[in-house]
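Nothing in this text is a laboratory measurement; each read-out follows from the coordinates by a stated rule. Owing to the predicted nature of the structure, the values given are computational and were not obtained by experimental measurement. Cβ placement follows ideal geometry from the backbone for every residue including glycine, while neighbour counts extend to all protein chains displayed.
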Amino acid sequence: MRVHILGLVLLASTAAPAVVQAQPRRETVEQRVGRLEQQLRAVQRRVFPNGNVEPEITPQGPAQPGGAPGGDAITSLTQRVDALESQLRALTGQVEENGNRTRQLEEQITRLRTDLTARLDRVDQPQSAAPPRTEPAEAPAEEPAEPPPARAERPAAPAVPGTAEEAYNAGYRLWDQRRYGEAQAALEAAAARYPSGRWLSWTRNLLGRAYLDDGKPATAARILLANYQENPQGDRAADSLFYLGQALTRLNRRTEACRVYDELARVYPNVREAIGSQLPQARRAARCTAS
């Protein structure tokens, strides 16, 4: 009997430290899982600032008496770890997908610009070989599109005023009077004399519009595209992108026109009202799908 009691005492003395040691180990694991959950939620808030994505983690069950984790607690802990891993894989997939979409969008924009330039080059070639056309009585006779120096030698081209703003205003007055041939000459001379500064964006945009209003959408498209590409931060870069879409619509390049309008909305979300108010009608004219 004494031997049996002594054996029970020895067994209790060896089991007690094991129970004591198990308690901090269980708490350390739970703390680590809790920290991972907090970090995952922080990452989710950054990746999905307006979303409602939370890890589906099963609440932890109560611990079994005696300091050792029971079966329910271990199962709950395993489920929480599995949920963390699942959410982490989902977040990683979303980040990679967003990155791929961004790269694809950039590639589409680059292809669009290259394709537009090539198409406009082909459309303009027959016009450059056409014979000179006589303008109305108030406008000078137009020289062939090639070579460029002949265009600068128009006899009726007005003298360029003393400042870039004055040169633009002189061309604007001619355009406003619908004297498009003279406006083109004046604006081309102004752009050549003042090849830099904020007024260059205004001058080239109005030059493109003068050709567009004169029934020459291919030439207009070339000028407007260059004004946007070479100075996308210019005062009238957004306007040039809008009128480029109109020129492409007149050339029956409706698909390209819709892509231009899409880029306008993406690059200039706060475009001035005079352009933004016309954009829905322009998209309908080009038969664009709703965006």
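Inter-label distance, residue 252 to residue 169: 4.4 nm, where each label sits 7 Å from its Cα along the C-beta direction. How would the stretch 153-286 be classified by its alpha-carbon gyration tensor: rounded, prolate or oblate, with rounded meaning a/c under 1.5 and the a/b versus b/c comparison settling the rest? Prolate. Set the Förster radius R0 to 45 Å, insert the Cβ-Cβ distance between residue 97 and residue 178 as r into 1/(1 + (r/R0)^6), and round the FRET efficiency to 0.05. The pair residue 97/residue 178 has a calculated efficiency of 0.30. For residue 107 and residue 226, a Förster radius of 35 Å and the Cβ-Cβ distance give a FRET efficiency of 0.95, rounded to the nearest 0.05. Amide H to amide H distances under 5 Å link residue 236 with 202, where only residues 5 or more positions off or on other chains count and H is placed in the peptide plane.
Overall shape of the stretch 181-238 was characterised from the C-alpha gyration tensor. The equivalent ellipsoid obtained from it has semi-axes of 17, 14, 8 Å, in decreasing order.
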